[in-house]
Structures are given as C-alpha cells and as structure tokens.
1. Yes or no: the stretch 208-218 includes at least one residue that is surrounded by 15 or more Cβ atoms within 10 Å (Cβ to Cβ), touching a Phe, Trp or Tyr at 6+ places or on another chain (Cβ under 9 Å) and part of a helix (DSSP H, G or I).
2. Test N93 against the criterion of being assigned to a loop (DSSP other than H, G, I, E, B), surrounded by fewer than 21 Cβ atoms within 10 Å (Cβ to Cβ) and touching a Leu at 6+ places or on another chain (Cβ under 8 Å), and give yes or no.
3. Only one residue in L173, L100 is within 16 Å of ligand 2 (Cβ to nearest atom), without any contact (Cβ under 8 Å) to a residue 60 or more places away in the chain and either under 30 Å from G68 (Cβ atoms) or more than 15 Å from the chain's Cα centre (by Cα) (or both). Which one?
4. Looking only at the stretch 1-16, count how many residues are outside any strand (DSSP E or B) and under 16 Å from the mean Cα position of the chain (by Cα).
5. Only residues that are outside any helix (DSSP H, G or I) and not charged (D, E, K, R): list them for the stretch 183-207, please.
6. So which residues in the stretch 143-160 are surrounded by fewer than 19 Cβ atoms within 10 Å (Cβ to Cβ) and among the acidic types (D, E), if there are any at all?
7. Going through F89, F94, F72 one at a time, which residue ends up being in contact with a helix residue (DSSP H, G or I) (Cβ under 9 Å, 6 or more places away or on another chain) and farther than 25 Å from L182 by Cα?
8. For the condition touching a Gly at 6+ places or on another chain (Cβ under 9 Å) and surrounded by fewer than 16 Cβ atoms within 10 Å (Cβ to Cβ), what is the one hit in K176, K193, K115?
Amino acid sequence: MAFIEVEKINKKFQKGKNTTHVLKNVSFNVQKGEFWVVAGPSGSGKSTLLSILGSLNEPDEGKIMVDGLDLFSLSHDERALFRLNYLGFVFQNFHLLPYLTALENVLLPTLAYPKKLNKKDEALELLKILGLSGKENKYPRELSGGEQERVAIARALIMEPDILLADEPTGNLDSKTGEEVLNIFSELNRQGKTIVMVTHNLAHLQYATHALFLKDGEVLEIKTLKEVN
Ligand code: ADP
Ligand code: MG
C-alpha cells in the first residue's frame with residue numbers, strides 16, 4: 001500500500017446552469033519521501049486537486065487513502081485532526097494573519113490542537129533555520145515576500161507533518177527568492193518529508209522525484225524524474 005493513494009477522483013463545480021468537470025478520474029500513488037510536482041496550465045484543476053488531497057474539499061467520486069486512513073470516511077473532527085497530524089500547507093498568498101507577528105503566525109496551528117502545546121522553542125528554531133532570526137516579532141507587513149513565504153513554511157512545519165502540500169509557493173516571488181524557497185523544499189525532501197507541490201513553472205521539475213501533468217482535469221502524464229534520496 002502506498003503512503004498516499006489517490007483513486008479515480010472526480011470533481012464537478014456548478015456555476016449557475018453550467019457544470020464544469022474539474023477533475024476527471026485522477027489517480028496516482030505517492031510513496032513516503034517522494035517529492036511530487038503537479039504541473040499544468042491555469043484552470044487545469046491543480047488547486048482543486050491539492051485541496052482535495054488536503055481534505056479541505058471533498059470529491060464527488062473517488063477515494064483517498066493516507067497512511068491507511070480513508071480520508072472521506074472520517075468525521076469532520078477526525079479529518080481536522082488528520083490535517084493537524086499529517087499535513088502542512090503552504091499557499092501562494094502566504095495566508096499569514098496580518099495582526100500576528102512572525103512567531104505568533106508560526107504558532108497558530110498549535111492553538112488549534114486539542115491538547116495545550118508549548119512549541120515556542122521549536123518555532124524560534126524553525127525561524128532560525130529558515131533565516132529569520134531577529135524577525136520573530138515583526139508583523140507580515142514589515143517582511144519581504146520571501147520572508148513572509150518562509151514564515152508560512154515554518155508555520156506549515158511546526159506540527160512536524162509527514163506531508164507538505166504547497167500551492168504555487170513561489171508564485172508571488174521573484175525568481176531568485178523563488179529559487180531559495182525551492183531549495184528549502186528540496187532540503188526538507190532530502191530529510192525525508194513527502195511533498196506535493198503545485199506549480200506552473202516547469203523549471204521546478206528539477207527538484208522533484210515525480211511529476212504529474214494535468215490538463216483540463218485529466219492526468220496527461222505521470223513521470224518519474226529521479227529516485228528518492
Ligand atoms: P488551477 O489551480 O490549475 O489553476 P483550479 O483548480 O483553481 O485550477 O480551477 C480549475 C477549474 O475549476 C477552473 O475552471 C475554476 O474556475 C473552477 N473552480 C475552482 N474552484 C471553484 C469553485 N469553488 N467553484 C466553482 N468553480 C471552481
Ligand atoms: Mg491554482
């Protein structure tokens with residue numbers, strides 16, 4: 001059994017009288033430690049696929065198993081716990097809360113945890129590893145785009161997730177800063193993190209072990225690019 005099994009996912013959206021079939025029988029298997037890039041043109045369904053993979057959205061048909069858990073047979077609360085235990089999310093627009101400092105943003109997921117957690121030391125360490133020492137108490141508006149992205153990465157990592165999901169994490173960054181962020185992902189993958197990253201930048205394939213090409217909601221091709229380290 002693969003770590004992540006995606007089986008014949010179908011998703012339609014209703015817009016007035018029109019129905020768009022956004023994902024069509026999408027299937028793939030991800031093993032632990034792999035780095036998948038989901039590529040495809042704008043509107044091909046990449047973000048929808050990632051949100052379903054992250055159990056933030058439900059498919060109309062199909063099944064996703066993660067570590068033997070059938071995501072869409074879990075209750076609402078179980079699914080929230082699954083996300084906290086297994087997943088870190090990084091979004092294109094960072095999604096930092098503007099009225100919280102960098103450190104407070106990183107600690108945000110720990111507040112959602114049912115048990116009281118003190119992760120302040122870990123959060124400071126993560127900020128340090130990501131090159132943000134001295135910026136802990138800055139607000140997002142006082143940080144550059146690349147720094148905000150790294151805060152978002154630290155926040156995604158604070159619960160030590162097995163899986164990192166990222167939707168165009170470099171979409172709002174200049175190419176040099178984008179490359180720095182990709183190097184962080186690459187290093188995390190080298191340390192064993194399983195990553196699924198959406199991108200429309202084909203240069204990012206060099207970092208991945210696998211690529212899945214989507215077009216109009218269909219899997220065009222799945223490619224193995226290199227072996228897991
Ligand atoms: P991508 O990330 O590849 O650009 P998306 O997954 O965001 O593609 O969108 C795929 C298609 O689904 C688009 O046509 C988009 O308009 C449509 N879509 C996405 N989310 C919704 C929604 N919540 N309601 C209606 N249509 C949606
Ligand atoms: Mg998208």
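1. Among the residues of the stretch 208-218, not one is surrounded by 15 or more Cβ atoms within 10 Å (Cβ to Cβ), touching a Phe, Trp or Tyr at 6+ places or on another chain (Cβ under 9 Å) and part of a helix (DSSP H, G or I), which makes the answer no.
2. Values: assigned to a loop (DSSP other than H, G, I, E, B): yes; surrounded by fewer than 21 Cβ atoms within 10 Å (Cβ to Cβ): yes; touching a Leu at 6+ places or on another chain (Cβ under 8 Å): no.
Considered against the rule, which asks whether it is assigned to a loop (DSSP other than H, G, I, E, B), surrounded by fewer than 21 Cβ atoms within 10 Å (Cβ to Cβ) and touching a Leu at 6+ places or on another chain (Cβ under 8 Å), N93 comes out as no.
3. Working: L100 fails: within 16 Å of ligand 2 (Cβ to nearest atom).
Selected residue: L173, the only one of L173, L100 that is within 16 Å of ligand 2 (Cβ to nearest atom), without any contact (Cβ under 8 Å) to a residue 60 or more places away in the chain and either under 30 Å from G68 (Cβ atoms) or more than 15 Å from the chain's Cα centre (by Cα) (or both).
4. Kept after step one, since they are outside any strand (DSSP E or B), are these residues of the stretch 1-16: 1-3, 16.
Narrowing further to those that are under 16 Å from the mean Cα position of the chain (by Cα): 3.
Within the stretch 1-16, residues that are outside any strand (DSSP E or B) and under 16 Å from the mean Cα position of the chain (by Cα) number 1.
5. Quick first cut of the stretch 183-207, residues outside any helix (DSSP H, G or I) only: 191-201.
Q191, G192, T194, I195, V196, M197, V198, T199, H200, N201 - these are the residues of the stretch 183-207 that are outside any helix (DSSP H, G or I) and not charged (D, E, K, R).
6. E160 - this is the single residue of the stretch 143-160 that is surrounded by fewer than 19 Cβ atoms within 10 Å (Cβ to Cβ) and among the acidic types (D, E).
7. Numbers: F89 fails: farther than 25 Å from L182 by Cα; F94 fails: farther than 25 Å from L182 by Cα.
That would be F72, the only listed residue that is in contact with a helix residue (DSSP H, G or I) (Cβ under 9 Å, 6 or more places away or on another chain) and farther than 25 Å from L182 by Cα.
8. Unique residue meeting the criteria: K176.
No value in this document is a laboratory result; all are computed from the given coordinates. All values derive from a computational prediction rather than experimental measurement. Here Cβ is always computed from backbone atoms with ideal geometry, including for glycine, and neighbour counts include all displayed protein chains.
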